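Chemist: Before I ask anything, let me first share the structure, which is written out below as structure tokens.
The values are calculated or read from the model by the stated rules, or taken from the named source; none is laboratory data. These numbers were taken from a predicted model, which means no experiment stands behind them. All Cβ positions, glycine included, derive from the backbone under ideal geometry; neighbour counts span all protein chains shown.
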Amino acid sequence: MPEPVLVSIAAALAAKTVTSLYDLVKKRFADSPDAAAALAAAEGAAEDSPQVAALAGELERTEREDPRFAEELRSRWSVESSRQVADHGGVVNQITGNVSGKVLQARDIEGGVSF
């Protein structure tokens, strides 16, 4: 099972919401018919679809084979995912870097919170 971050990246690729990331992956997958087919099949698919899961698997395989690609993919994802914006009434919670200890991400809390 691919890491959750790879599933998120695959979902963004399927929706083509991050053009620079899509272009990076498409170029890297050009030499692999299976990977290119997974990218094409995932286009427009839902985040929880088998097509996005297959694409996440191809990303995972490609990262293992090509550490430079893995570094570039995650670096670009880090930049792009930090640009998230909440729509009307929405909330964006994000944690980056190494986290140690307890974290709470929330919008509206009624009552107390304890760990």
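Chemist: When you look at Glu72, is it closer than 20 Å to Met1 by Cα and surrounded by 13 or more Cβ atoms within 10 Å (Cβ to Cβ), yes or no? Show your work before the answer.
Modeler: Details: closer than 20 Å to Met1 by Cα: no; surrounded by 13 or more Cβ atoms within 10 Å (Cβ to Cβ): yes.
Against the criterion (closer than 20 Å to Met1 by Cα and surrounded by 13 or more Cβ atoms within 10 Å (Cβ to Cβ)), Glu72 does not qualify.
Chemist: Let me ask something else about it. On the given criteria, is Ser81 in contact (Cβ under 8 Å) with a residue 12 or more places away in the chain and more than 30 Å from Arg107 (Cβ to Cβ)?
Modeler: When the stated conditions are applied, Ser81 does not pass them.
Chemist: Those residues that are among the aliphatic types (A, V, I, L, M) and surrounded by 14 or more Cβ atoms within 10 Å (Cβ to Cβ), I need them from the range 43-55; list them, please. Lay out the reasoning, then the answer.
Modeler: Start the filter on the range 43-55 by keeping residues that are among the aliphatic types (A, V, I, L, M), which leaves 45-46, 52-55.
Within the range 43-55, Ala45, Val52, Ala53, Ala54, Leu55 qualify.
Chemist: Follow-up question, since we're still on this one. Name the pairs whose Cβ atoms lie under 9 Å apart, with the first residue in the range 55-70 and closer than 17 Å to Ala30 by Cβ and at pLDDT 95 or above, the second assigned to a loop (DSSP other than H, G, I, E, B) and hydrophobic (A, V, I, L, M, F, W, C), and 6 or more positions between them or separate chains?
Modeler: As it stands, the answer is Leu55/Ala45, since those pairs meet every condition given.
Chemist: Determine which member of the set Ala36, Ala30, Ala40 is surrounded by 16 or more Cβ atoms within 10 Å (Cβ to Cβ), modelled with pLDDT of 95 or more, over 17 Å from Trp77 (Cα atoms) and of a type outside the set (Ser, Thr, Tyr). Even if it seems obvious, please write down each step before you answer.
Modeler: Values: Ala30 fails: surrounded by 16 or more Cβ atoms within 10 Å (Cβ to Cβ); Ala40 fails: surrounded by 16 or more Cβ atoms within 10 Å (Cβ to Cβ).
Matching residue, one of Ala36, Ala30, Ala40: Ala36.
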